[in-house]
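Encoded as structure tokens, the structure appears first; notes follow it.
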Amino acid sequence: MKNPAPKGNAGTDTGPAHIPLLPRHGIRLFVVDGDGPRFANLFRETWQRLPLWARCRLLRYWRTPFCKGQPRGMYPAFELISGKSDFFWRGDSGNAWGQCGMRGYSLAFAADHLAEAGETETRYTVAHELAHVYMFAIKDPSHAGDDATAEWAHDLVDEQLTEWGYDLDTRSWTP
Ligand SMILES: [Zn+2]
């Protein structure tokens, strides 16, 4: 709460441009490619629909360093970057819309693919990746081993979304 909202920068001499994502929590979005403000708005819309307890659990998890000597202020890292970038792991399904790495401390979203897919799919992808983080946070067995990103783990993540009140069929939140 004490972290001031990071100011955006032009991305010239200090790395990629970044904009506030969850400014109250000092969390920012690195915008390598695509429309950062548009994505940040969709992200925040999705974040607000998560149950409060889930959001608190995620924030608490992110505040806990994942390893000794973790650089302060660097994680969780959120990036908006081209899905064609080598940064993206394409997985069994070839789905490169979003990715959750470093046990939920590094999230990346495919700027180009999500822009093409539209707002509804972007919100879904955000919710899905956040649910992955939640599974890491609660130490769900599906996210404990090396096969954390196996296909069945994604299905469990979608089940988690349903528990949060997300309707997978209509791709929307139940009121
Ligand atoms: Zn997944």
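Every number here is computed from the coordinates shown, using simple stated rules; none is lab data. From a predicted model like this one, the values you see are computed outputs, not experimental measurements. All Cβ positions, glycine included, derive from the backbone under ideal geometry; neighbour counts span all protein chains shown.
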Using a ≥ b ≥ c from the Cα gyration tensor of segment 29-175 (square roots of the eigenvalues), is it rounded, prolate or oblate, where a/c under 1.5 gives rounded and otherwise the larger of a/b and b/c decides, a/b for prolate? rounded
What ranking, highest mean first, results for peptides 105-116, 42-53, 59-70, 130-141 when packing means the other Cβ atoms within 10 Å averaged over each residue? 105-116, 130-141, 42-53, 59-70
Can you give the local net charge around residue 76? Use residues other than it whose beta-carbon is closer than 10 angstrom to its beta-carbon, Lys and Arg +1, Asp and Glu -1. +2
Relative contact order (%) - criterion: Cα under 8 Å, at least six apart; region: segment 63-139: 30 percent
Placing unit charges on C-beta atoms (Lys and Arg positive, Asp and Glu negative, everything else neutral), compute the dipole magnitude of segment 44-175 about its Cα centre in debye, rounded to 20. 960 debye
Along the dipole axis of segment 30-153 (charges at Cβ: +1 for Lys and Arg, -1 for Asp and Glu; origin at the Cα centre), the most positive-end residue among 46, 102, 62 is 62
Taking 0.36 nm per residue of sequence separation and subtracting the Cα-Cα distance, how much length would be gained by fully extending the chain between residue 84 and residue 167, in nm to one decimal? 27.0 nm
Please give the net charge around residue 115, taking every other residue with its beta carbon less than 14 angstrom from that of residue 115, where Lys and Arg add +1 and Asp and Glu add -1. -3
